Amino acid sequence: MDSKFFDYFFQFFFHDWFASFPIFACSVATLGVVVERYLYYQKNSRDVRAFLYQLQRDLESENLQKAQATCSRLGGVIGEVAEEGVRLLADQKQDFSGAFDITVGLVTRKLEKHLPVLGTVGAVCPFLGLFGTVVGVIFTLDELGAAGGGTQTVVLGVAKALVATGYGLIVAIIAVIFNNAYTNWVKNFSDDFHLLKFLFLRFVGGEIAGRPR
């Protein structure tokens, strides 16, 4: 049974290249995005609980230099956003919220990079597979009519054609699963950015940044 499946798959892959090659390209793109985004998110993931407590203490002590050093030690995109937030707290206190939102927006764009590829593959691949199946069935019926074959020929032809749908669905399912997982990962980063903003806004109305001497 397994050998027949692989035989059908290889026949589909090389015979119905008009459908198999685009699906294969989608699978390669999906694999590339999945690996690249996973490494990127892992590299930038941080446990921010202890960091937020320390940053709050630094801000309460009015020590912006120490707060910036705390952000720099954290690293990653969260540390990058936090460090920029400290700078804005000192330099752009009047329009802090808008300036901080711009920073978060720019970083979020980096976090969401390539994710539309997964969404597009998840939407397109089932249709590519269906297209391959429809064309495969048409070819099978055409050969059947020309050769006067029987039911067995039709069954085998349709079975081979359905491999296209299965291949497209497998690639699409993988793309959708990782797209949803990574979108949720980006949401976790966004939640951390919101926590940072709430923390900074506590001090925007005070005199921590730019206190007259």
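The values are calculated or read from the model by the stated rules, or taken from the named source; none is laboratory data. Remember, predicted model here, so these are calculated numbers, not experimental data. We place every Cβ from the backbone using ideal geometry, glycine too, and count neighbours over all the protein chains shown.
On the given criteria, is Phe131 in contact with an Asp or Glu (Cβ under 9 Å, 6 or more places away or on another chain) and either part of a loop (DSSP other than H, G, I, E, B) or at negative phi (or both)? When the stated conditions are applied, Phe131 does not pass them. When the residues of the range 150-170 are filtered to those that are exposed (fewer than 15 other Cβ atoms within 10 Å of the Cβ), at pLDDT below 70 and more than 18 Å from Phe14 (Cβ to Cβ), the one that is farthest from the chain's Cα centre (by Cα) is Gly150. Are any of the residues in the range 96-103 of a type outside the set (A, V, I, L, M, F, W, C) and buried (at least 16 other Cβ atoms within 10 Å of the Cβ)? Looking through the range 96-103, at least one residue is of a type outside the set (A, V, I, L, M, F, W, C) and buried (at least 16 other Cβ atoms within 10 Å of the Cβ). Residue count for the range 79-101 under the criterion of being modelled with pLDDT of 90 or more and either within 26 Å of Gln42 (Cβ to Cβ) or not in a helix (DSSP H, G or I) (or both): the result is 9.
The one condition from (1) under 30 Å from Val77 (Cβ atoms); (2) at pLDDT below 95 that Ala147 does not meet is (1). Just one of the listed residues (Gln56, Gln68, Gln42) is touching an Asp or Glu at 6+ places or on another chain (Cβ under 8 Å) and not hydroxyl-bearing (Ser, Thr, Tyr), namely Gln68. Residues considered: Ile177, Ile173, Ile138. Of these, the only one that is over 30 Å from Arg49 (Cβ atoms), surrounded by fewer than 17 Cβ atoms within 10 Å (Cβ to Cβ), at pLDDT 95 or above and of a type in the set (A, V, I, L, M) is Ile173. Candidates are the residues of the range 60-76 that are in contact with a Lys or Arg (Cβ under 8 Å, 6 or more places away or on another chain) and part of a helix (DSSP H, G or I); the one that is farthest from Arg109 (Cα to Cα) is Gln68. Across the range 180-213, the qualifying residues are those that are more than 34 Å from the chain's Cα centre (by Cα) and farther than 15 Å from Gly85 by Cα, and the one among them that is modelled with the highest pLDDT is Gly206. Contact map, the range 67-78: residues that are on the phi > 0 side of the Ramachandran plot and modelled with pLDDT of 90 or more paired with residues that are surrounded by fewer than 21 Cβ atoms within 10 Å (Cβ to Cβ) and assigned to a helix (DSSP H, G or I), Cβ distance under 6 Å, separation 6+ or inter-chain. Pairs shown: Gly76/Asn44.
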